[in-house]
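The structure appears below as structure tokens.
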Amino acid sequence: MNAISDTGAAAHEARRPWSFAATLVLAAIALWPYRHFAGDDAYISFRFAQNFASGAGFSFNPGVPTYGSTSPLWVFLLALGSKLGLDLLTASHLLDAIFIALTLGVFTKLCDRLIVSVPLRWAACALLILDPWFVHWAMSGMENPAALFLVSVALWARLEARTIPSRGWWAAIACGVGMLVRPEFAALTLLVCVDTWIFEKQRGLLRAIGAGLLVCALYLPWLVYAQRSFGSIVPNTVSAKTGAGRAMAAYGVLRAFASFYLFEAAGLALLLVLSAKAIVARLRTRAALERWFPVLGWSLLLPAFYVAGSAPVSARYVMFGLPAFLLVGVKSWDLLLREPRLVKPRVVVAALVAASLALVVAVQARYCWYISRWPRGMDPNMVAIGDLLRARAAPTDLLATDQIGVVGFVSGLRVLDMAALVSPELRGITRKGDGSPLLEAVRARQPQWVLLARTKDQLSKLDPTYATLEVVGDFLVQREGASEAGRPTRYWLYRTHWEQGQP
């Protein structure tokens with residue numbers, strides 16, 4: 001029982017300011033190679049921000065409002081950067097850097113509160129910084145660091161509320177703002193309200209209701225705008241991407257876990273073998289539940305949210321749980337250090353820490369490092385497609401493709417999104433049959449250009465009209481997702497000539 005009877009790091013001295021500076025230095029060194037990267041989804045946000053800043057509304061194609069971004073606040077921040085004279089890529093990287101620093105600041109406070117061993121607090125911060133999905137997506141020009149910061153604030157605020165109840169409201173504020181950044185904050189809002197209800201010593205239910213109302217007050221104006229502008233409060237991306245199946249969602253979560261959490265999980269498993277009864281007994285006490293309910297709750301609720309929604313889970317989504325996952329895993333090492341039945345606990349824990357660091361560096365080298373070689377954020381061949389279209393297409397031309405980000409932004413063309421992320425009129429068609437209904441719907445829109453990872457023969461077998469396509473060029477493209485690492489995809493760019501009267 002002694003191994004798990006600590007009262008947390010609140011009774012231990014917090015780290016000094018210079019140690020946070022050292023954490024920032026480590027982050028700068030780890031992320032510097034990735035400073036040019038911007039994911040394809042980042043360029044979707046750039047296009048929305050560009051149009052919003054220019055007065056063309058919240059739209060991907062100017063003047064055609066669409067709920068094609070799940071992060072409207074990120075779009076607004078980028079648009080503000082554009083108004084201040086920054087190009088959008090620079091603005092996105094500057095925002096990422098700011099939120100990375102803020103995230104590390106809050107995460108160190110969480111470590112100080114929950115982890116007793118000072119070396120393990122450092123290990124937790126290092127594992128967060130070196131995590132392959134953190135380095136892959138932290139400087140991606142996307143909203144990931146902002147979401148991580150708000151998650152960390154919500155967890156910290158709920159822990160602070162144990163001693164200073166007024167700080168608990170910061171969790172609701174973080175969730176309300178977070179709803180404008182990522183849909184996962186709907187689940188975190190539920191957790192915050194439940195935590196408030198259970199653990200607020202006075203008027204817990206009323207405070208929980210108040211927290212929920214505060215989240216709604218912060219999010220409601222956007223919902224009103226969305227309903228009036230788009231005719232829906234549900235983002236196109238949610239309906240377009242969900243439905244992959246719960247088994248596939250669970251597999252995606254487990255695959256992401258295996259890439260960074262393997263040895264933290266091993267430590268947790270070892271601790272459960274040695275002290276299962278003591279842990280269960282301890283967690284039955286209110287003190288332990290108060291301390292760990294937010295972190296444990298988010299560790300379990302986020303994966304459940306993805307599985308329940310049949311989301312196509314990738315590592316960049318699972319990373320929103322990184323602060324909680326790492327705190328749970330590192331805490332297991334912290335407890336193992338004081339486990340009397342473990343022979344040479346320091347050696348065991350040191351080996352687990354070293355193995356974890358080796359794992360994340362190895363995964364980073366295999367699945368992340370290649371994106372550091374792209375000077376304009378994405379594979380140069382994908383950028384080249386956008387440059388070619390900008391040079392050869394008329395400004396009023398329509399491009400049909402399922403890769404809308406960098407190509408749409410660089411080319412400046414109107415885009416018919418065959419994945420239905422910004423073209424909701426294709427929603428429901430994208431998954432029908434063998435693909436011929438989608439090709440028929442695209443042909444009905446008469447695009448002048450088509451960009452797909454299919455040959456003309458493959459397309460014409462599904463729809464004979466596509467036999468008339470003119471092949472403009474083919475491009476071998478390395479996609480930015482980890483599952484695509486080392487497996488480039490060939491895209492063909494076609495000129496349709498359908499506007500000239502061909503069938």
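The values are calculated or read from the model by the stated rules, or taken from the named source; none is laboratory data. Note that the structure is a prediction, hence the values are computed from the model and not measured. Quick reminder, even Gly has a Cβ in these numbers, built from the backbone with ideal geometry, and neighbours come from all protein chains shown.
Of T196, T237, which residue is part of a helix (DSSP H, G or I) and either more than 22 Å from R162 (Cβ to Cβ) or among the hydrophobic types (A, V, I, L, M, F, W, C) (or both)?
T237
What are the residues in the range 335-350 that are closer than 14 Å to S117 by Cα and touching a residue at least 24 places away in the same chain (Cβ under 8 Å), if any?
Initially, the range 335-350 is screened for residues closer than 14 Å to S117 by Cα, giving 335-339, 345-346, 349-350.
Matches in the range 335-350: L335, L336, L337, R338, E339, V349.
Residues that are in contact with an Asp or Glu (Cβ under 8 Å, 6 or more places away or on another chain) and of a type outside the set (F, W, Y), at least 2 per element: which helices (runs of 4 or more DSSP H) completely within the range 256-324 meet that?
262-283, 286-308
A quick yes/no check of all residues on (1) within 22 Å of the chain's Cα centre (by Cα); (2) of a type in the set (A, V, I, L, M, F, W, C):
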{"site": "F134", "(1), (2)": "yes, yes"}
{"site": "G141", "(1), (2)": "yes, no"}
{"site": "S152", "(1), (2)": "yes, no"}
{"site": "L155", "(1), (2)": "yes, yes"}
{"site": "R158", "(1), (2)": "no, no"}
{"site": "R182", "(1), (2)": "yes, no"}
{"site": "T196", "(1), (2)": "no, no"}
{"site": "G210", "(1), (2)": "no, no"}
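What number of residues within the range 211-230 satisfy the criterion of being of a type in the set (V, I, T) and either modelled with pLDDT under 95 or under 14 Å from A174 (Cβ atoms) (or both)?
Total satisfying the criteria: 1.
Counting only residues that are without any contact (Cβ under 8 Å) to a residue 40 or more places away in the chain and out of contact with any helix residue (DSSP H, G or I) (no Cβ under 8 Å at 6 or more places or on another chain), give me the strands (runs of 3 or more DSSP E) lying completely in the range 438-503 with at least 2 of them.
Fully inside the range 438-503 and qualifying: 470-477, 489-495.
Within the range 219-243, which residues are in contact with a helix residue (DSSP H, G or I) (Cβ under 6 Å, 6 or more places away or on another chain) and surrounded by 18 or more Cβ atoms within 10 Å (Cβ to Cβ)?
Residues satisfying the conditions are Y219, N236.
Do we have P183 as part of a loop (DSSP other than H, G, I, E, B), in contact with a helix residue (DSSP H, G or I) (Cβ under 7 Å, 6 or more places away or on another chain) and either assigned by TED's automatic domain parsing to the domain that holds F293 or crowded, with 24+ Cβ neighbours inside 10 Å (or both) here?
Yes.
Is it true that L359 is farther than 30 Å from M139 by Cα and either in contact with a Lys or Arg (Cβ under 6 Å, 6 or more places away or on another chain) or surrounded by 14 or more Cβ atoms within 10 Å (Cβ to Cβ) (or both)? Show your work before the answer.
Details: farther than 30 Å from M139 by Cα: no; either in contact with a Lys or Arg (Cβ under 6 Å, 6 or more places away or on another chain) or surrounded by 14 or more Cβ atoms within 10 Å (Cβ to Cβ) (or both): yes.
For L359, the condition - farther than 30 Å from M139 by Cα and either in contact with a Lys or Arg (Cβ under 6 Å, 6 or more places away or on another chain) or surrounded by 14 or more Cβ atoms within 10 Å (Cβ to Cβ) (or both) - is not met.
Hey, could you check the range 95-138 for residues that are among the polar types (S, T, N, Q) and part of a helix (DSSP H, G or I) and say which is modelled with the highest pLDDT?
Per the stated criteria, the residue is T103.
Say we look at the range 15-60 and pick out the residues that are out of contact with any Leu (no Cβ under 9 Å at 6 or more places or on another chain), assigned to a loop (DSSP other than H, G, I, E, B) and touching a residue at least 40 places away in the same chain (Cβ under 8 Å); which of these is surrounded by the fewest Cβ atoms within 10 Å (Cβ to Cβ)?
R35
Being within 21 Å of M142 (Cα to Cα), in a loop (DSSP other than H, G, I, E, B), in contact with a Phe, Trp or Tyr (Cβ under 7 Å, 6 or more places away or on another chain) and not assigned by TED's automatic domain parsing to the domain that holds Y67 is the requirement here; does V406 meet it? Quick ask: steps written out before the conclusion?
Details: within 21 Å of M142 (Cα to Cα): yes; in a loop (DSSP other than H, G, I, E, B): no; in contact with a Phe, Trp or Tyr (Cβ under 7 Å, 6 or more places away or on another chain): yes; not assigned by TED's automatic domain parsing to the domain that holds Y67: yes.
Against the criterion (within 21 Å of M142 (Cα to Cα), in a loop (DSSP other than H, G, I, E, B), in contact with a Phe, Trp or Tyr (Cβ under 7 Å, 6 or more places away or on another chain) and not assigned by TED's automatic domain parsing to the domain that holds Y67), V406 does not qualify.
Among the candidates S82, S69, S92, which residue alone is modelled with pLDDT of 95 or more, surrounded by 22 or more Cβ atoms within 10 Å (Cβ to Cβ) and polar (S, T, N, Q)?
The conditions single out S92.
What are the pairs with Cβ atoms under 7 angstrom where one residue, in the range 202-231, is closer than 15 Å to T70 by Cα and the other, located anywhere, is at pLDDT 95 or above and assigned to a helix (DSSP H, G or I)? Sequence gap at least six, or different chains.
From the range 202-231, the pairs are Y219/G176; W222/P72.
Given the conditions (1) loosely packed, with under 14 Cβ neighbours inside 10 Å; (2) free of Cβ contacts under 8 Å to residues at least 12 places away in the same chain, report the number of the one that R246 does not fulfil.
(2)
Can you list residue pairs whose Cβ atoms sit under 6 Å apart, with the first residue in the range 144-158 being more than 15 Å from W292 (Cα to Cα) and the second being hydrophobic (A, V, I, L, M, F, W, C) and outside any helix (DSSP H, G or I)? Count only pairs 6 or more apart in sequence or on different chains.
That search, which allows pairs on different chains as well, returns P145/A138; A146/V181; A147/V181.
Quick check, is G377 free of Cβ contacts under 8 Å to residues at least 60 places away in the same chain and surrounded by 15 or more Cβ atoms within 10 Å (Cβ to Cβ)?
no
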